[in-house]
Structure formats: structure tokens, C-alpha cells
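First up is the structure itself, then whatever we jot down about it.
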Amino acid sequence: MLADRAGDTALLAADVGPAGPAGTRDRAAWLIALATFAVYTTISVFRYLRLDPGSWDLGIYTEYVRQFALLRAPVVTIRGSGFNLLGDHFQPIVALIAPFYRLFPGPVTLLVVQALLTAVSVVPVCRAAQAVLGTGVSRAIGVAYGFSWGLQEMIIFDFHEVAFAVPLLACSLSALVLRRPRAAAMWALPLVFVKEDQGLTVAAIGLVMLASAVRAWSRSRRATAGAAPAAASTREGASTRERASTWAWAGGLLVLWGLAWSVLAIAVLIPHFNPAHVYPYWFDGGVVSPHGAHYSAGGLLAQVMQSGPEKLRTTALVLLPVAFLALRSPLVLVAVPSLALRFLATNHYFWGTQWHYSATVMPVVFLAAVDALARLRGRAAARQGAPAARRPLRPGLLAARYGAVAMLVIAVILAFRFPVARLWAPRTYVMSAHVRAENAAMALIPAGTTVESTVSMLAPLATRDVTYWVGTVGSIAPRYVVFDATNSGYSPEPTDVLALVDQQHPGVSYQQIFRQSDVYLFRRDGRTGG
């Protein structure tokens, strides 16, 4: 990837075409980002208003950020009484939302921040594409990236800490495409504070940079081998070695930094905060779990191959938005840790295309595709004067000329399959009678009390109350219990909700004070027997 000075110049200049004024370029990138932000905010906020969460995660992160905003330890009762969320994942970067939450308390703040982080990541992708491919191409790639399916799936699935990783990865890899190793390293360093596994991605970025430095050193030695070089060649060789040294130290720093933080978070920090003093996700690692099966290459391979067709489809769909062009760039290797950890897991939810797990690979494959297109164009430009028999194969020329168009067309086609299609679905904006009943029940619950809830009402309640989920309340007897009998998580759905609540809290009696559209609200009435 790291070429000599002449190679870099040829790559950046080849077939770029007129770029236009810098202000025009910036406006185009920011307009695409603004459109992305508007669409994603609309989809996610209206899903919240319909009380239709993908899981309990929005409630969990609302309570997590609220605790930081109040300058308290991040104890999230939705996960369990006294549960410090830093004992689940190492995600301190989410605390950056706390000042904004203090001004605008509520789950919507988290959703807007997530949409904003996603939209901002469009800008470095556009700028890298503009620098090496031209303004028109950068706009097509920016739109295709902004509405890529991996980002859509994250937006529709509540809120997650990996939203912070998306712009950091986009900025870091954009700097790599533009041959700016110091900037690439600086943007990659904070990734370790997003989640404990992001340290492996940081290390992968460092390895790619180290490989580039090694190739540059090798080319420099070959160029100066043999007869004594001329003065100009000597200066050029020294410059190449100096630039390779910059890539080497930046890459080495990222490898050490990323691995050190992942080990520290998994082995020390998370167990320290976890109630059981363990890393709770070792069991998801299957044969790599320290408390599970024995280690073996065969066992690891068997775990990767388990449900092979589904994992192969996921890999293909990750590469489809960039027309598989990312495979022509070494930057695509940065996506390997993320995909490998998912495919090694025993949890089948990690293997498919749903949820938020593919969001962080989107900036990787798109910027790898930008790098690949720049390489194809640079190679084509370098061989324009070659005899016809030695000119690049037609598939390479077609990819160089029409790759961005293919990416845009694929994005449009996929838009009808993934969550952005909900933008033009009328039901997205309809508040049903059931939702109105849930809001009416929550309006009867005072602020600052304790409340137990089914999943759909966790997030709004977590903004103002000490909130428990029906599945983790344990021996706590909260003041209120609000229950959605049509979406409770029980199978089959309960027919006598009051009896179920009394059974869940032996020794305490509850009185029903609200029922509408299968939504119930109970208030603690005292101890049984008086």
C-alpha cells in the first residue's frame, strides 16, 4: 500500500479530473451527511415513539448515560440490582453523551447522537474518495456508504456503543488512503475506549501500516542495490526510508496499544466491575473460552465452519455494497478481527446480518474500495502508453471506471430490503391504541420511584425512575409494575397478570390501578397478611 514518492504521486493524481473548489467539495460531503442524519434520526426516533425497541439495550444505555450525567457510578438496575455496566463491556466513551443528556434528558438524545455519529462518518469517506478519485465519484460513494445496510441495521436496533467506532474508523482509514500515518494512528487510538474487542481492530490497523513500511524498505533496498546510486537517487531513497519509518512507528504503536488495552479490559477492568468478577462473554467464545473446551486448531476451525452457509452469506453481503472491490486493497484486512470474533462465537445472533454487529465493518470495506479504485486507476494511467498486448485487462478498467456507479446502484437496490425502506412506510408514523395505552400507564407513575417493566417501556421509564426489567428484578419489590401482556417476553403470554406479579414477588401484594389494551399497571399495596 505504501508506495515510493513517485508511486504515491501517480496514485493520487491518476484520472482524478477536476476537483472543484474546496468549499464545494466540503458542502457536498456535508449535504450527504445531513441527509443521512435526517433519515436515520427520523427512523430511529419514530420507532422509539412507537415503543417498539429491538431489545432492552436502549433502556440500558439510557440508564447508563443518566448515571454519568448525575455524576454517579454507572449502575444499571435494568441489568440487575447494583449492576455496574462497566462489568459488562468496557465502553467509557459513551460517557461523552452525558453533558448533552443533562441538557436534553431522554432516550431520544442517545438516538440523535447515534445518528449524528453515523452521519459524520460520511465526511471522511467522501473526502478520501474525492482526493483520489474525483468529486463526482466521491458523491456516489458517499451516498452508497451513508445508506449501507450495516449502518441501517445499527440505527434501527436501539443504541449501541459501536456508534462511536464508526466515525473513528472512517477518519483513521481515510487518513491511510491519503497516506497520512500520524493522523491514522491518532484517530485509531480512542477506539479502545469504545469496546474491549476494538483493541484488536486497532492492532489490525497497525499491522497493515507495518506491512506497508516493510514493503517500502524492501523497495528502497532493491532500488539502491548494485552500482553506487546517483545523488538524486540517494536523496529519494533516504526520503522513502524516512517515510517508511513513520509508518513503522505509528503501526507498532497501534499494535501495542490495541492489544494491551484489550487484554487489560478483558482480564482486569471488566472482571473488577463485574458482580461475579469474571469476563461474562468468555462462554460466547466457544473453544477459545478459558473455562470451556480445550484449545485446538481443529476446534477453532470447526467453530468457524459451523453454520457455514449463513456466515458465508454474511461475508458476501458485507462485500456486496462495494461490489467486492475491497478485496483489491490490504485495508480490507482491518475487518478480519471483527468478522473472526463473530464467527468464532457460539451465539448464533453474531453470525447473521441483523443487529448492530456489521456497522463497524462498513467504513472499512468502503475505504478499502476507495483505495482499490485508486490503485486500479493509477495502474491504468501508468500503462496508457504500453502496447495493446500489455494493457490492463478490461475487467480492471471497467471496475476503475464504473465501480462507484455499481456501488450506488447496489445501495439503491438494497434500500428496499433494509430498514431505510421504513422511511416511506405509513405505519412508521402511526401511534396505535396500544402505544397510547402504554403512555397512559407510564403517565401514572411518578418520577423518582422504583418500577418494574416489560421491554417496550424500559427506555422512557429509565429516564426518571429506578427501573427493573421483569427478567432481572430478582428479590426487589418495586413500588410499581407496568406490564404489556401482548409483548411481555413470556411464552405463552400470561392470562392472569396480577397472579403472575404476585407470584414474582412473594410476600408483597399489588393492586391493579390501570388496564387498557392489555397494558396493566400495579401499585405495591403492602405485605400480604397486613
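Data table
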item: Heavy-atom accessible surface of segment 25-70: percent carbon and sulfur, 1.4 Å; result: 65 percent
item: Filtered trypsin sites (Lys or Arg not before Pro), segment 79-131: DSSP coil and at most 16 other beta carbons within 10 Å; result: none
item: Using a Förster distance of 45 Å, the FRET efficiency for residue 100-residue 215 (Cβ separation, nearest 0.05); result: 0.55
item: Solvent-accessible ranking of 424, 261, 217, 351, largest area first, probe 1.4 Å; result: 424, 217, 261, 351
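The values are calculated or read from the model by the stated rules, or taken from the named source; none is laboratory data. Values in this document were obtained by computation on a predicted structure and should not be read as measured data. Every residue, glycine among them, receives a Cβ derived from its backbone with ideal geometry; neighbour counts consider all protein chains shown. Quick note on the areas: whole protein, heavy atoms, side chains included, nothing else; ligands and nucleic acids left out. Shrake-Rupley method; radii C 1.70, N 1.55, O 1.52, S 1.80 Å.
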